[in-house]
1. Over the chain, what relative contact order in percent results from Cα pairs under 8 Å that are six or more residues apart?
2. Which far-off residues, 5 or more places away or on another chain, put their amide H under 5 Å from the one on VAL61, with H placed in the peptide plane?
3. The list (i) 56, 46, 22; (ii) 52, 27, 19; (iii) 51, 29, 25 gives values of Cα extents along the principal axes in Å, and only one came from this structure; which label was calculated from it?
4. From the phi angles alone, apply the Karplus equation (6.51, -1.76, 1.60; θ = phi - 60°) to segment 112-123 and give each ³J(HN,Hα) in whole Hz, x where the residue is Gly or Pro.
5. Treating only the Cβ of Lys, Arg, Asp and Glu as charged (+1, +1, -1, -1), what charge dipole size does the chain show about its Cα centre? Round to the nearest 20 debye.
6. Considering only DSSP beta bridges with both partners in the chain, what is the antiparallel share in %, to the nearest 5?
7. Work from the charge dipole of segment 7-76 (Cβ charges, +1 for Lys and Arg, -1 for Asp and Glu, about the Cα centre) and give the residue of ALA23, VAL66, THR56 farthest towards its positive end.
Amino acid sequence: MSQQRSLLLTKQRKAVLDMITEADDHPTAAEIIERLNNRGYHFAYGTVYNSLRYLTEAGLVQELHVGDGACHYDRRTDDHCHIVCRQCHAIAEFDLPESAELVQHAGRRSDYEVQAMTLLFEGLCPACAHTA
């Protein structure tokens, strides 16, 4: 029987989690810190980064690497896809019905037990494509 680490949401972790779950975008750590400050929280940077690591490891948020050098955080932890604009770096998400088939196919082709999937598409968002 595996022992599961009990979830400990300190005031700081809860505030960071709330900030991510209320976000309509995929904020970076710096954006989360700024938003926390705007709400009257003044946590040390290390506290926020440690909270983000804890929340990610606990499976409460998803950490995204979209090629702009910063980690972004997503409230959705289920398998879904992201697309990032190559020009303005906006991030959008969408479901791909075929993703379950992709996971099964990847498992068969690699002999791995696939536990998660990350699909990142790149392109131009409608606003940037319009001005290009």
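Bear in mind these aren't lab numbers, they're just calculated from the coordinates by the rules spelled out. All values derive from a computational prediction rather than experimental measurement. For neighbour counting, all protein chains shown are included, and Cβ atoms are generated from backbone atoms with ideal geometry for every residue, glycine included.
1. Numbers: 149 pairs, mean separation 27.2, N = 132.
Relative contact order here is 21 percent.
2. Amide H to amide H, under 5 Å and 5 or more residues apart or across chains, VAL61 pairs with THR56.
3. Computed from the coordinates, Cα extents along the principal axes in Å corresponds to (i).
4. 8, 8, 6, 10, 7, 9, 10, 10, 10, 9, 10, x
5. Numbers: 12 positive and 19 negative charges, 118 e Å.
It comes to approximately 560 debye.
6. Values: 9 of 14 bridges.
Of those bridges, close to 65 percent are antiparallel.
7. Checking the options against the dipole of segment 7-76, the answer is THR56.
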